[in-house]
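The values are calculated or read from the model by the stated rules, or taken from the named source; none is laboratory data. The shown structure was predicted, so the numbers you read here are calculated from the model rather than taken from an experiment. Virtual Cβ from ideal backbone geometry, glycine too; neighbours counted across all protein chains shown. Side chains are part of the model used for accessible areas, which takes the heavy atoms of the whole protein and leaves out ligands, DNA and RNA. Shrake-Rupley method; radii C 1.70, N 1.55, O 1.52, S 1.80 Å.
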Amino acid sequence: MNWEDKIFDGRELVPAIITDCKNGEVLMLAYMNKESFLKTLETGKTWFFSRSRQSLWNKGETSGHFQYVKSIKCDCDNDTLLISVEQIGPACHTGSRSCFFNTILEEK
């Protein structure tokens, strides 16, 4: 059995946590289907499935802020991906480096 069959066994989408390969910073979370996962493996750039548009999208295709894949790991249940990337420019569509910039709670 190959990885895509293990990961997408009965699942249409899996969450993909994207981190910076240099410092481990969490940049974003997106969803992958089997096709976007295979395109990511094939091209070395991240591809995701847009739940709102119901279509594939290549991160950076419009903005130029590509993500070059350095490693892909799977969690113990084979239902979440952890993808380490070299991020070109900001990862967030707002222009922020990371999508996680809204602090809700932070211990002092």
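In table form, for the structure just shown:
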| read-out | value |
| --- | --- |
| Summed residue charge, Cβ within 11 Å of residue 66's Cβ, Lys/Arg positive, Asp/Glu negative | 0 |
| Of all DSSP beta bridges in the chain, antiparallel share, percent nearest 5 | 80 percent |
| Between 0 and 90°, nearest 10: helix 34-43 axis offset from the chain longest Cα axis | 70 degrees |
| Rounded accessible area of residue 69 (nearest 10 Å², 1.4 Å probe) | 40 Å² |
| Computed [θ] at 222 nm, deg cm²/dmol, the chain (DSSP H ≥ 4; -39,500 (n - 2.57); rounded to nearest 500) | -3500 deg cm²/dmol |
| Cα gyration tensor category, rounded, prolate or oblate, for the chain with a/c compared to 1.5 | prolate |
| Taking the chain and dividing mean pair separation by its residue count, relative contact order in percent (alpha carbons under 8 Å, at least six apart) | 26 percent |
| Amide N of the stretch 77-108 lying under 17 Å from the label point, which is placed 7 angstrom from the Cα of residue 23 along Cα→Cβ | 84-92, 95-103 |
| Proximal charge balance of residue 9 [Cβ under 12 Å; K/R count +1, D/E count -1] | -2 |
| Centre separation in Å (Cα based) which lies between the stretch 1-39 and the stretch 60-108 | 11 Å |
| Lysines whose Cα lies under 29 Å from that of residue 45, excluding same-chain neighbours fewer than 8 positions away | 6, 22, 34, 59, 70, 73 |
| Residue-level accessible surface for residue 63, protein heavy atoms, 1.4 Å, Å² | 70 Å² |
| Amide H within-cut-off set for residue 32, under 5 Å, with H built and near neighbours excluded | 14, 16, 49 |
| Share of carbon and sulfur in the accessible heavy-atom surface of the stretch 1-60 [1.4 Å probe, %] | 48 percent |
